[in-house]
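Written out below as structure tokens is the structure these notes cover.
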């Protein structure tokens, strides 16, 4: 198998597996779920996913843990005051940039 | 999130809701483009990956395996484990779709379910229409591909300190999604805290070193969401608003 064939077949495998994971549950489950526990469980899923993906990975998202921690503090404060997604993301980046810039002088 | 009964029915409403996600994706996909090319993936192939996969963690694992010459089974298994959370999200979202959501709409729009698109869609009050979903997916999809192309072709010229700062963008978005509902609901707060604590446990305790980040997310999600559902079952009124 050529390198190009290997590369594009691998990409096809990635795409098909990822698509089926998304498509099958959405297409197959046509009925409303009755179980109170399952409904509550599904309600909490996104918050659990995002929290698990963020902590502790966010602290290793840049060149330094201190810079990233500063970005997290900025993000948490802005999110607490219910700023939009974009505002929080941009100011978090700014917090990291500024902290890492200042760290050069210490 | 606006509490407007009719709003989730419109393409334009979804389109606007997608803008902040799209801008967040720009920096993340940009980083992915740089990383993929750095691993020896041709720039156009990196863009193709983003256009066919639309997932950050899965794509990163994919190019890592490809650059190491891993087999197709390994690639398939890694995608399955890392992206299995989408099955939970699709299942969750299937409970929120309105009567216009035909099988064809489900087959097409399921392609666009990502962490953020799911989070925004499930945060909308009332049911979701196909039009709203297509609107919501439009900009994030375009920006995900465009950001990958920019990173793949231009990444080398960007200063290191800018790249470092951009790395937090996606997490900033996650924080902005979780914190506001956590202020109002003790269940969300406890669920998010439990997931974070479990995630740290798996990450730092040497015994769990063999657990990949994809499996870790699944374990943390299932346990934390079950804890939330057991300890903080929602009242009937809350359900009407959110599911």
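The values are calculated or read from the model by the stated rules, or taken from the named source; none is laboratory data. Here the structure is a predicted model, which is why all the values come from computation and not from measurement. Here Cβ is always computed from backbone atoms with ideal geometry, including for glycine, and neighbour counts include all displayed protein chains.
Quick look at the numbers
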| item | result |
| --- | --- |
| Which listed residue is touching a strand residue (DSSP E or B) at 6+ places or on another chain (Cβ under 8 Å), modelled with pLDDT of 85 or more, part of a helix (DSSP H, G or I) and over 18 Å from residue A:54 (Cα atoms), from B:93, B:12, B:48, B:73 | B:93 |
| Answer residue from the stretch A:22-41, given it is over 21 Å from residue B:102 (Cβ atoms) and facing chain B (nearest Cβ under 7 Å) and is farthest from the chain's Cα centre (by Cα) among those | A:36 |
| Residue match in the stretch B:96-105 (condition: closer than 26 Å to residue B:171 by Cβ, within 8 Å of chain A (Cβ to nearest Cβ) and in a helix (DSSP H, G or I)) | no |
| Flag if residue A:9 is over 20 Å from residue B:27 (Cβ atoms), within 7 Å of chain B (Cβ to nearest Cβ) and within 22 Å of the chain's Cα centre (by Cα) | no |
| Scan of the stretch B:194-214 for residues that are in a helix (DSSP H, G or I), over 20 Å from residue B:92 (Cβ atoms) and more than 7 Å from chain A (Cβ to nearest Cβ), ordered by number | B:197, B:201, B:202, B:204, B:206, B:207, B:208, B:213 |
| Among residues of the stretch B:106-147, those that are assigned to a helix (DSSP H, G or I) and either touching a strand residue (DSSP E or B) at 6+ places or on another chain (Cβ under 6 Å) or farther than 15 Å from residue B:9 by Cβ (or both), counted | 26 |
| Subset of the stretch B:154-180 that is touching a residue at least 12 places away in the same chain (Cβ under 8 Å) and not in a helix (DSSP H, G or I) - its residue that is surrounded by the fewest Cβ atoms within 10 Å (Cβ to Cβ) | B:158 |
| Filter result for residue B:65 (over 18 Å from the mean Cα position of the chain (by Cα), at the interface with chain A (Cβ under 9 Å from one of its Cβ atoms), part of a helix (DSSP H, G or I) and farther than 28 Å from residue A:6 by Cβ) | no |
| Residue match in the stretch B:121-144 (condition: within 18 Å of the chain's Cα centre (by Cα), closer than 19 Å to residue A:75 by Cβ and within 7 Å of another protein chain (Cβ to nearest Cβ)) | no |
| Those residues of the stretch B:16-39 which are assigned to a loop (DSSP other than H, G, I, E, B) and facing chain A (nearest Cβ under 10 Å), in sequence order | none |
